[in-house]
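Q: Have a look at this one before I ask anything.
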Amino acid sequence: MLGVQLAQLHDGDRPGVAEALDLVAGFDDALVHGFARLGEERAAALTALAGAVAASPLGPAVSEAADKVAAGSIGEEHLTALAGARTALLGAVHDALLDRLDTALGRTRAAWEESASTAAPADNLLSGSRSWLHELGITGWRGVDHDLVSSSGQTLEALLAEPRLRRLAVLLDGLAAELRASCPIATMARLPVRRWADLWTRAVLLSQPGARPAASVEPVTGRLLVLGADVHEHGTAVQVQVHGVLEPAGGAPTRLVRASVAAAKVDTIVGPAVWRLLAGHPVLLTALAERRSLDLADMPLSSSGDLAWQDDKATVGAPADPFATARLQLANANAPAVPPLERHPIRISEPVLLEDYETDGDRWTLDGHSIRVDLDRLPASGPLTPELVAASSACIGLVRWDAGGWRVQPLAVQATVKRKPVEAHTGDWAQGPTDPKVVKAEAKAGDAVAVLRERAGRLLRE
């Protein structure tokens, strides 16, 4: 990313973005207090939301929903319409921001093509999910108590047992866990208003029959050049999302793709130990740790750019320098389309290369233009540290839009430490830490994963 690209990225605000986010904030405030207790100001916020989508196909349904909710007649279909309007506004903001980023980078992106919706699985489970979400919407976050959270238990258990509803199940399970941990919410000084509204809205839409259009999937064969790994971790799960450039066999244009692997965990497994939970993907972990390419054979790839990772359809290839890949391939690789329900500003995550910048704390400057560095996203499972990032002069990272501005999340850096060149990547410890101090600390603390597996085995034997 050059200075001129940063200049284009920051060149004024997109018309309508601030206004759309204000309308979303009005909806979110109504959800804090509950749709059963709106008052004039919050009822007006819903009317304004309806006005924003009046010219769209959603217009009539959202207008009716705003009127009905304001009058105290709150049906599931009304909350669904309002959730759809909020999602549509955030989708428009996403599209405006992503278009600006693509323009600044000169990146070509595929258009989304509509396809048939998937069959509605287990409609009774979807109905149970909608019922709980409806109760949350009526009550509002301030009114949530342990009884309301606990009432989701039976539905969640059934959802988690249905593989086709795993995405909705994990989403609802996470929302319920956050609400349970926050009770009594009425006494909380500050609420994660936007986050909970995002989770609630997405769950409402995912619980509709046929809500997710089936992404087209094709088997691909070729070479995958890894750019970097983004590690997502919380108390009960870890996911590693690998970003790379795919060189399809036969000479087709290169494509930006992602490959994700995940595992359940407990909150005592942290730091480098999380990689052991992903030991079932040795080919992918070897490529990350040794910085090698991957040869794919008939690996499923969706139109959203996501590889359905299967280790048996990949082999470790030759050494491949991610920085060389970024310098030579990143500018010309085609970006994938974004599915409708994924269009949210917070989900923008585009790989870029930055070089020859000046560092000042959490801000990098290039040719007089600056961008903030998201140091909070540096994972404890790899060698990247704030000090190493501050000493860097080149970075492969993900450009994100968060808290009203653009940020870059480092995935790999080149730096000079004690007059010696150093290179570090988030996936360097995929087969175990290489820093002697970390190795020693892990040996002293013991292998938490092995201990927990041994205890679980003992319980099963008993």
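Q: Which is at pLDDT below 95 and out of contact with any Asp or Glu (no Cβ under 7 Å at 6 or more places or on another chain), of Gly397, Gly404?
A: Gly404
Q: I would also like to ask the following. Taking into account only those residues within the range 151-203 that are basic (Lys, Arg) and in contact with a His (Cβ under 9 Å, 6 or more places away or on another chain), which is nearest to Ala30 (Cα to Cα)?
A: Among residues in the range 151-203 that are basic (Lys, Arg) and in contact with a His (Cβ under 9 Å, 6 or more places away or on another chain), the one nearest to Ala30 (Cα to Cα) is Arg202.
Q: Among the β-branched types (Val, Ile, Thr), modelled with pLDDT of 95 or more and in a helix (DSSP H, G or I): does that describe Val242?
A: Considered against the rule, which asks whether it is among the β-branched types (Val, Ile, Thr), modelled with pLDDT of 95 or more and in a helix (DSSP H, G or I), Val242 comes out as no.
Q: State which residue pairs qualify: first residue assigned to a loop (DSSP other than H, G, I, E, B) and inside the range 279-293, second residue aromatic (Phe, Trp, Tyr) in any location, beta carbons under 8 Å apart, and separation of 6 or more residues or different chains.
A: His281/Trp309
The rows are residues; the columns are (1) within 17 Å of Asp99 (Cβ to Cβ); (2) of a type in the set (Asp, Glu); (3) touching a Gly at 6+ places or on another chain (Cβ under 9 Å); (4) not assigned by TED's automatic domain parsing to the domain that holds Trp196.
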{"site": "Arg14", "(1), (2), (3), (4)": "yes, no, no, no"}
{"site": "Leu21", "(1), (2), (3), (4)": "yes, no, yes, no"}
{"site": "Ala25", "(1), (2), (3), (4)": "no, no, no, no"}
{"site": "Val32", "(1), (2), (3), (4)": "no, no, yes, no"}
{"site": "Phe35", "(1), (2), (3), (4)": "no, no, yes, no"}
{"site": "Ala43", "(1), (2), (3), (4)": "no, no, no, no"}
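Q: Same structure again: So how many residues does the range 416-459 have that are over 32 Å from the mean Cα position of the chain (by Cα) and either aromatic (Phe, Trp, Tyr) or at pLDDT 80 or above (or both)?
A: Within the range 416-459, residues that are over 32 Å from the mean Cα position of the chain (by Cα) and either aromatic (Phe, Trp, Tyr) or at pLDDT 80 or above (or both) number 6.
Q: Could you list, in sequence order, all residues of the range 37-63 that are closer than 21 Å to Pro209 by Cβ and part of a helix (DSSP H, G or I)?
A: Pro60, Ala61, Val62, listed by residue number.
Q: To continue, here is another question. Just the residues that are among the acidic types (Asp, Glu), surrounded by fewer than 16 Cβ atoms within 10 Å (Cβ to Cβ) and under 24 Å from the mean Cα position of the chain (by Cα), please, taken from the range 347-371.
A: Correct list: Asp362 only.
Q: If you don't mind, another one. Which of the numbered conditions does Lys437 fail, given that it passes all the others? Conditions: (1) in a strand (DSSP E or B); (2) surrounded by fewer than 22 Cβ atoms within 10 Å (Cβ to Cβ).
A: (1)
Q: Val24 is checked against (1) under 22 Å from Pro209 (Cα atoms); (2) surrounded by 21 or more Cβ atoms within 10 Å (Cβ to Cβ); (3) β-branched (Val, Ile, Thr) and fails just one. What number does that condition carry?
A: For Val24, the exception is condition (1).
Q: Continuing with the same structure: Scan Ala85, Ala7 and give me the residue that is part of a helix (DSSP H, G or I), more than 30 Å from Asp145 (Cα to Cα) and out of contact with any Cys (no Cβ under 6 Å at 6 or more places or on another chain).
A: Ala7
Q: Among the residues of the range 338-354, are any touching a residue at least 12 places away in the same chain (Cβ under 8 Å), more than 30 Å from Ala83 (Cα to Cα) and of a type in the set (Gly, Ala, Ser)?
A: No, the range 338-354 contains no residue that is touching a residue at least 12 places away in the same chain (Cβ under 8 Å), more than 30 Å from Ala83 (Cα to Cα) and of a type in the set (Gly, Ala, Ser).
Q: Out of Arg109, Arg37, which single residue is surrounded by fewer than 19 Cβ atoms within 10 Å (Cβ to Cβ), touching a Pro at 6+ places or on another chain (Cβ under 9 Å) and of a type in the set (D, E, K, R)?
A: After applying the criteria, what remains is Arg109.
Q: I'm trying to understand the selection: among the residues of the range 372-399, which are touching a helix residue (DSSP H, G or I) at 6+ places or on another chain (Cβ under 8 Å), buried (at least 16 other Cβ atoms within 10 Å of the Cβ) and either assigned to a strand (DSSP E or B) or hydrophobic (A, V, I, L, M, F, W, C) (or both)?
A: Val373, Leu375, Leu378, Val389, Ala394, Cys395, Ile396, Val399, listed by residue number.
Q: A further question on this structure: Kindly indicate whether Leu125 is outside any helix (DSSP H, G or I) and touching a residue at least 24 places away in the same chain (Cβ under 8 Å).
A: No: the conditions fail for Leu125.
Q: Continuing with the same structure: Mind checking whether some residue in the range 309-323 is under 24 Å from the mean Cα position of the chain (by Cα), modelled with pLDDT under 95 and not β-branched (Val, Ile, Thr)?
A: No, the range 309-323 contains no residue that is under 24 Å from the mean Cα position of the chain (by Cα), modelled with pLDDT under 95 and not β-branched (Val, Ile, Thr).
Q: Another question about this same structure. On the given criteria, is Val270 within 23 Å of Pro383 (Cα to Cα) and in contact with a Phe, Trp or Tyr (Cβ under 6 Å, 6 or more places away or on another chain)?
A: So Val270 does not fit the description; no.
Q: Looking at Asp13 and the list (1) within 15 Å of Leu90 (Cα to Cα); (2) at pLDDT below 95, which single condition is not satisfied?
A: Checking Asp13 against (1) within 15 Å of Leu90 (Cα to Cα); (2) at pLDDT below 95, the one that fails is (1).
Q: Specify the residue that is farthest from Asp428 (Cα to Cα); the eligible residues are those in the range 267-290 that are surrounded by fewer than 18 Cβ atoms within 10 Å (Cβ to Cβ) and in contact with a Gly (Cβ under 8 Å, 6 or more places away or on another chain).
A: Taking the candidates together, the pick is Asp267.
Q: Take the residues in the range 64-80 that are over 31 Å from the mean Cα position of the chain (by Cα) and outside any loop (DSSP other than H, G, I, E, B), then tell me which one is surrounded by the most Cβ atoms within 10 Å (Cβ to Cβ).
A: Only one residue fits best here, namely Val69.
Q: Within the range 131-191, which helices (runs of 4 or more DSSP H) (wholly inside it) include 3 or more residues that are closer than 24 Å to Leu82 by Cα and touching a helix residue (DSSP H, G or I) at 6+ places or on another chain (Cβ under 6 Å)?
A: 166-182
Q: Out of the residues in the range 245-264 meeting the condition of being touching a residue at least 40 places away in the same chain (Cβ under 8 Å) and not in a strand (DSSP E or B), tell me which one is surrounded by the most Cβ atoms within 10 Å (Cβ to Cβ).
A: Thr254
The values are calculated or read from the model by the stated rules, or taken from the named source; none is laboratory data. Given the structure is predicted, the values throughout are model-derived calculations rather than measurements. All Cβ positions, glycine included, derive from the backbone under ideal geometry; neighbour counts span all protein chains shown.
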